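To keep things clear, I will list the structure first and then write my remarks on it.
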Amino acid sequence: MTLQQIGFNEALEDYLAKEQMDTSEIGRVIVEHKERYVVQTESGSLNAEITGNLRYSAESRLDFPAVGDWVKLMAYDENSAVILGVLPRTSLLERQAIGKHGERQIIATNVDFAFIMQAVGLDFNLNRLERYLSICHSARITPIAILSKTDLTTEEEIRQLIDQVRLRHADLQVIPLSNETLEGLEQIRQHLKEGKTYCILGSSGVGKSSLINNLLNKEHMKVSAISEQTNKGRHTTSHRELFVLEDGGVIIDTPGMRELGITEKSQGLETTFSDLAELAKQCKFNDCTHTNEEGCAILEALDNGEIDEKALENFQKLKREQERFESTVREKRAKDKKLGKLYKRIQEDKRKRKF
Ligand SMILES: Nc1nc2c(ncn2[C@@H]2O[C@H](COP(=O)(O)OP(=O)(O)O)[C@@H](O)[C@H]2O)c(=O)[nH]1
Ligand SMILES: [Mg+2]
Ligand SMILES: [Zn+2]
């Protein structure tokens, strides 16, 4: 397999030239499983672990390799290697880490386009779609929506659902897809280009793995699905994995994420809700909360029926969530700094006692 087939591009070529590195020293992380990685190189795939040095110098989980990363490698033998470092990322798709306040978790890196998949029926949810959009926009990744399982409903309902999305996000492309009839598959395929990296986001069970299966048109996934069988006997994707498509492009499958907390990069929300963000600039007060202030351009537009009330509610909700995350990060930093100082003092005391 060539590196071009797994997404090697000009930016990376320039980087290697600058660092005087050779393509034989690098690879791309295609599977991540609890700090064990599979890395694809030009001469094959290797099982890899990170060096102790990389682990100890990491300031947070973000410094660890993730699926999509290009890494610098040192091979042990034909099958295994150590990861010496992570090459600069062009994009970082992240969410709030579950159960760890103020920390982030990587969804995937070096992604160019994200397919956000929602199935017709109960899974369809505009607020959640906007959450995904914000996460993509924060990372400057172009989102494309997929409405899946269209074989389970009528043309009429599909049209209605797409119209609902259009009303709030006129510029977003929505592709209807059925993994059963293969309606829409060709439209998705047309997006895929060599050298580009795609990622599929969406709840568990919406058809992400089925789409990849259809794109690969191979038995590949079925095999991995069996080895991932959970004790419930269901085939679920339990980790992120990168697949190389024959016609070009690579695609990253992600496990369904129940919680998808947005982090503090504000650009994501502003791009997702660009109409609202634009209006907000015209509010009389800079810190307008758009709830009851006089001279609020958003409330005025709402009164005139120019904006969608539900979209505004969701925008406000996500903004509050983002502010909460921001303040948690600040508190955490302050606490870490305090702890750091305390630790230093203890060390100094210890040293002094020795003399
Ligand atoms: N009717 C219908 N079922 C689908 C479609 N896509 C996937 N499924 C089924 O939905 C279930 C979950 O699919 P899967 O691809 O594993 O979803 P994932 O969790 O998003 O990866 C499986 O039983 C699939 O056979 C579709 O387009 N139509
Ligand atoms: Mg899956
Ligand atoms: Zn306002």
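FYI, it's all coordinate maths here, none of it is from the lab. Just so we're clear, the structure is a prediction, and the values are computed from it rather than from any experiment. Don't worry about glycine lacking a Cβ; one is built from the backbone with ideal geometry, like all the others, and counts go over all protein chains shown.
At a Förster radius of 51 Å, what calculated FRET efficiency corresponds to the Cβ-Cβ distance of Glu313 and Ser24, to the nearest 0.05?
With a Förster radius of 51 Å, E is 0.45.
Under 8 Å for C-alpha pairs, at least 6 residues apart: give me the relative contact order for the stretch 64-150, rounded to a whole percent.
The normalised contact order for the stretch 64-150 reaches 26 percent.
Mind checking the stretch 237-294 for chymotrypsin sites (Phe, Trp or Tyr not before Pro) that DSSP puts in a loop (not H, G, I, E or B) and that have at most 11 other Cβ atoms within 10 Å?
On the way: sites: Phe243, Phe273, Phe285; in loops: Phe273, Phe285.
Here the sparse-neighbourhood loop sites are Phe285.
Report the net charge of residues surrounding Ile116, where surrounding means a beta-carbon distance below 12 angstrom and charges are Lys +1, Arg +1, Asp -1, Glu -1. Could you put the intermediate results ahead of the total?
Values: positive: Arg128, Arg131, Lys208; negative: Asp123, Glu130.
Around Ile116, the surrounding residues sum to +1.
For a quick check of your reading of the filter: which GluC sites (Glu not before Pro) in the stretch 270-324 sit in a DSSP loop and have no more than 12 other Cβ atoms within 10 Å?
Glu294, Glu306
Zone of Glu300 (label point 7 Å along Cα→Cβ, backbone N under 18 Å): which residues in the stretch 262-278?
275-278
With runs of 4+ DSSP H residues as the only contributors, calculate the mean residue ellipticity of the chain at 222 nm using -39,500 (n - 2.57) per run, divided by the residue total and rounded to the nearest 500.
-11500 deg cm²/dmol, from helical runs alone.
Just from the alpha-carbon atoms, what are the Rg and Dmax of the chain in angstroms?
23.0, 83
If I take R0 = 22 Å and measure r between the Cβ atoms of Gln267 and Glu194 in this structure, what FRET efficiency does the formula 1/(1 + (r/R0)^6) give, to the nearest 0.05? The partial results should precede the final answer.
Values: r = 29 Å, r/R0 = 1.31.
That gives a FRET efficiency of 0.15.
Within 10 Å of each candidate Cβ there may be at most 14 other Cβ atoms; applying that plus a DSSP loop requirement, which trypsin sites (Lys or Arg not before Pro) in the stretch 92-132 survive? It would help to have the intermediate numbers written out before the result.
Details: sites: Arg95, Lys100, Arg104, Arg128, Arg131; in loops: Lys100.
Here the trypsin sites (Lys or Arg not before Pro) that fit, given the DSSP loop and packing criteria, are Lys100.
Using only C-alpha atoms and all pairs of different ones, pull out the Kirkwood radius for the stretch 1-141 in Å with one decimal.
16.5
Mind checking the full-extension length gain between Ala17 and Arg353? Use 0.36 nm per residue of separation minus the Cα-Cα distance, one decimal, nm.
115.8 nm
Would you mind counting up the charge near Gly249? Only other residues with Cβ under 10 Å from its Cβ, with Lys and Arg at +1 and Asp and Glu at -1.
Local charge sum for Gly249: -1.
Please identify which residues in the stretch 163-202 have an amide N closer than 20 Å to a label point set 7 Å out from the Cα of Asn9, following the Cα→Cβ vector.
Backbone N within reach: 173, 188-201.
For a label point 7 angstrom out from the Cα of Thr181 toward its Cβ, which stretches of the stretch 150-169 have the backbone nitrogen within less than 16 Å?
Counting backbone N atoms under 16 Å from the label point, the list is 150-162.
Mean separation of Cα pairs under 8 Å and 6+ residues apart, divided by the residue count of the chain: what relative contact order is that in percent?
Relative CO of the chain lands at 15 percent.
What is the extension gain from Glu157 to Tyr76, computed as 0.36 nm multiplied by their sequence separation minus the C-alpha to C-alpha distance, in nm to one decimal?
Result for the pair: 23.6 nm of gain on full extension.
Let me have the relative contact order for the stretch 267-346, percent, based on Cα pairs under 8 Å that are six or more residues apart.
20
Roughly what would the spin-label model give for Ser327 and Lys281, points 7 Å off Cα along C-beta, in nm?
With each label placed 7 Å out from Cα toward Cβ, I get 2.8 nm.
Where the centroid of each part is defined by its Cα atoms, how far is the stretch 1-66 from the stretch 274-316 in Å?
So the two Cα centres are separated by 45 Å.
If you take every residue apart from Phe8 with its C-beta less than 12 Å away from the C-beta of Phe8, what net charge results, scoring Lys and Arg +1 and Asp and Glu -1? Write out the running numbers ahead of the final one.
Working: positive: Arg28, Lys196; negative: Glu10, Glu13, Asp14, Glu42, Glu194.
Summing Lys/Arg as +1 and Asp/Glu as -1 gives -3.
Calculated FRET efficiency, Glu293 and Ala58, Cβ-Cβ r, R0 56 Å, to nearest 0.05?
It comes out at approximately 0.80.
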